[in-house]
Amino acid sequence: MSEHGGYLFPNDLHILWQLMIVMYPYVTGLVAGAFILSSLYHVFHRDELRPIGRLALVASLGFLLFAPFTLLLHLGHPERCYNTLVTPNLSSAMAMFGFIYAGYMTLLVAEIWLVHRQDIIMLASRSEGIKRTFYKCLALGVYDVSPESRKVDHGVLLILAGIGIPGAAFLHGYVGFIFGAVKANPWWSTPLMPIIFLCSAIVSGIAMVIILYSIGMKFSNRKIDAPCMQSLARWLWMFALISITLELLEIMTLAYEAAEEWEVIGPLLGDQLAFSFIGIQLILGAMVPIILLGIVVLMSRYLTDQIRNTLCFVASLLLLVQVFAMRWNVVIGGQIFSKSMRGFREKYTPELFDKEGIALAIAIFVLPLLFIILFNRVLPVFEQPEKQLSTGAGTPSQ
Amino acid sequence: MPTTPASDSDCGGCHACTPNDGTRRDFLKQGAKALGASVATIVLCDMTDLTKIAEASGATPRRPDLFTDGYDWTKHRYVYLVDIRKCIGCGSCVRACSQENNVPPAHFRTWVERYRVSRTGEAVIDSDNGGMDGFEPSMTGKDITKAFFFPKLCCHCTHTPCVQLCPVCASYRTVDGVVLVDETRCIGCGYCVQACPYGSRFIHPVTHTASKCTLCYHRITRGLTTACVQACPVEARMLGDMKQVGDKVAEIIATQRVQILQPELLTDPNCYYLGLTKEAR
């Protein structure tokens, strides 16, 4: 690049899509990933994942609730956001956000309601006063806890979760498509982008659930279910391997073809993004956790529960960082070079208290966690033993 | 499914699943119908390309206030031609555009690049302040064998990615071939800025909406030419109209070896160049 004098188009001086647009695919990825994980239990009957079946769904809802804030904070005119619903451009991937979001939210809320229905009725029957009214409202007037009704619930749940899997894939696949469909940008424009986004979303979702599960068990003084954690580690390992393989394959293909775009992408990855791409996305965020999870999966019989849990926790934290780094490298990396393909913009460092600053990004990440805590105070995120339900179930009298 | 009415024996005849249940179901049914109808209306309204409808019917433009009486946008198809061989890099066009369109500082609807290419094919390119102040002579330290000025602006592509990707239809292409932005509808997401391969769009720092070359639409629909074309002292920039018989630019495009920028992207630009060389992009 330097031989061309580092020329930037005059309008290309600043990074336009900043931290909030990094957060947007990150948060929606957590939504999709956590949902797909929950489906492993609800649809594919991986019973060992039962302890996190509800947590994954609630985590998915928590992040979904706050995902739009990333976009709203970015928009120049957030007050006009309704235009995406009123005058949507059907040839624009971004225009689909409102519809996909609304549909997915409906599905997720319905599924969570069904999963917690028995608990709602039980809590309504046990509580009094305003609390009782509140739970009765949540019950939506249905107090049937008979085995037949549970069977119906389960059937509906299966259908909803079944729709939810392609829904989640679509939710995040289209986020990848937003970038993959920009033919003006060689770092974004690849048909692999939606698949890479989806796989890394699943990685981040599973990693987040492992962390929430570990912390939840720690604070409730309960034991982490070893088969569950082992299974989570196995799934996480598999999806991490797939995700990182795809990321590397894309770059290897670009490098091997060495077409015009490699003139800008080569220096971008090797120089401009050396720390966040090679250091964080590939080594610290990918290689290390893959080794740690490999130990958990392949050497399971030699591990104590504590070591397994610790390895999984650390690997999950690192993978969360990896996925964030991947989003950063895609979103910011794709804008560091000018469309002149002959120069790089000034480096982007987010402000702390800006509209698209670090403080608000942290808030958007933390608020869903607070939502999960709040939700747990209303309805149990971790499944109660079966006997409690059967003894407590009943209809609250008027 | 969860609202399947339970028998009285299931719930002890509670208030919730007795007479009100029917009302709730009715409400949900009505709600679902209303929602379905709304979505269907929106989808059907948007299914067809608005431009094509307008072309076919000669419909009124979105901003009729821009037009003087008697202007018929179906009778024009604007194109732009830049003759690189003629440009002297004076920057008059950039200044004229900036003044005419109140372009914010450090942003450009049009700009001029200076290319200096060495014998080995190495290109030294600059465009200080978009070429607005002209170009100071300077040494590159290289064996320069050819040099030229390269004016740029929005290519007003026929198959433009900026219109394709705009989530709210704020970016649109008029029947007479000009790509415009409806600033009252733009949400300022910046997707069009990312999508433009030519770097000709920017987010206006004051209005926070997408901004770009309008081909001086307020002028050309009144029979004037664009500010940049009018300001050019050497006729390096020309505005043409493909629907006007005997139009000079249309004739050049039809008969001479004109080129477009980044043809591999198939955006079908309507800004043509004479004298483009392999280093220029």
Would you mind giving the mean number of other chain beta-carbons within 10 Å of the Cβ of each residue in B:179-190, as a whole number?
5
Do you know the relative contact order of segment B:57-208, to the nearest whole percent, from alpha carbon pairs under 8 angstrom that are 6+ apart?
23
Fewest to most neighbouring Cβ within 10 Å: what's the order for A:371, B:150?
A:371, B:150
Where in segment B:100-146 are there trypsin sites (Lys or Arg not before Pro) that are in a DSSP coil and have at most 10 other Cβ atoms within 10 angstrom of their Cβ?
B:119
Apply the membrane-span-like helix rule to chain A: whole DSSP H runs, Cα extent along the own long axis of at least 18 Å, mean Kyte-Doolittle hydropathy at least -0.5. List the helices found.
A:19-42, A:50-74, A:97-126, A:147-180, A:193-219, A:226-257, A:305-331, A:358-378
At 222 nm, what helix-only mean residue ellipticity would the protein assembly as shown give, in deg cm²/dmol to the nearest 500, using -39500 (n - 2.57) for each DSSP H run of four or more?
-16500 deg cm²/dmol
Which shape class, rounded, prolate or oblate, goes with chain A when its Cα gyration tensor gives a ≥ b ≥ c as root eigenvalues, a/c under 1.5 marks rounded, and past that a/b bigger than b/c marks prolate?
prolate
Can you compute the charge dipole magnitude of the protein assembly as shown about its Cα centre, using +1 on each Lys and Arg Cβ and -1 on each Asp and Glu Cβ, nothing else charged? Give it in debye, rounded to the nearest 20.
540
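What ranking do A:234, B:222, A:117 get, fewest neighbouring Cβ atoms within 10 angstrom at the top?
B:222, A:234, A:117
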The summed charge of the residue B:187 Cβ neighbourhood (under 12 Å; Lys/Arg +1, Asp/Glu -1) stands at -1
How many nm is it between the label spots at residue A:140 and residue A:189, if each spot is 7 Å from the Cα in line with the beta carbon?
4.6
For residue A:309, what charge total do you get from the other residues with a beta carbon under 13 Å from its beta carbon, if Lys and Arg give +1 and Asp and Glu give -1?
+2
Using a simple spin-label model with points 7 Å from Cα along the Cα→Cβ vector, what separation in nm is obtained for residue B:147 and residue B:242?
3.7
Is there a pair in B:152/B:243; A:131/A:218; A:183/A:339; B:75/B:248; A:355/B:152 whose C-alpha atoms are over 21 Å apart, and which pairs would that be?
B:152/B:243; A:131/A:218; A:355/B:152
Could you pull out the chymotrypsin sites (Phe, Trp or Tyr not before Pro) across segment A:92-189 that fall in loop regions by DSSP (anything but H, G, I, E, B) with no more than 12 other Cβ atoms inside 10 Å?
none
May I ask you to sort B:107, A:45 by Cβ crowding, counting other Cβ atoms within 10 Å and putting the fewest first?
A:45, B:107
Expected output is a single nm value to one decimal: the length gained when fully extending between residue A:351 and residue A:128, i.e. 0.36 nm times separation in residues minus the C-alpha distance. What is it?
75.4 nm
State whether segment A:39-102 is rounded, prolate or oblate according to the following rule on the C-alpha gyration tensor (a ≥ b ≥ c being the square roots of its eigenvalues): a/c under 1.5 gives rounded; otherwise a/b larger than b/c gives prolate, and the remaining case gives oblate.
prolate
Normalise the Cα radius of gyration of segment A:1-129 by 2.2 N^0.38 Å (N = residues in it) and let me know the number.
1.49
Counting pairs of alpha carbon atoms under 8 Å apart in space and at least six apart in sequence, what relative contact order in percent does chain A give?
32
Express the C-alpha Rg of the protein assembly as shown as a ratio against the empirical globular expectation 2.2 N^0.38 Å, rounded to two decimals.
1.13
Identify the GluC sites (Glu not before Pro) of segment B:203-281 meeting these criteria: DSSP loop state and at most 13 other C-beta atoms within 10 Å of the C-beta.
B:235
Averaged over its residues, how many other protein chain Cβ atoms are within 10 Å of peptide A:72-79's Cβ atoms?
5
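No lab work stands behind these numbers, since they all come straight from the coordinates. Bear in mind that the values here come from a model prediction, so they are computed numbers and not experimental data. For neighbour counting, all protein chains shown are included, and Cβ atoms are generated from backbone atoms with ideal geometry for every residue, glycine included.
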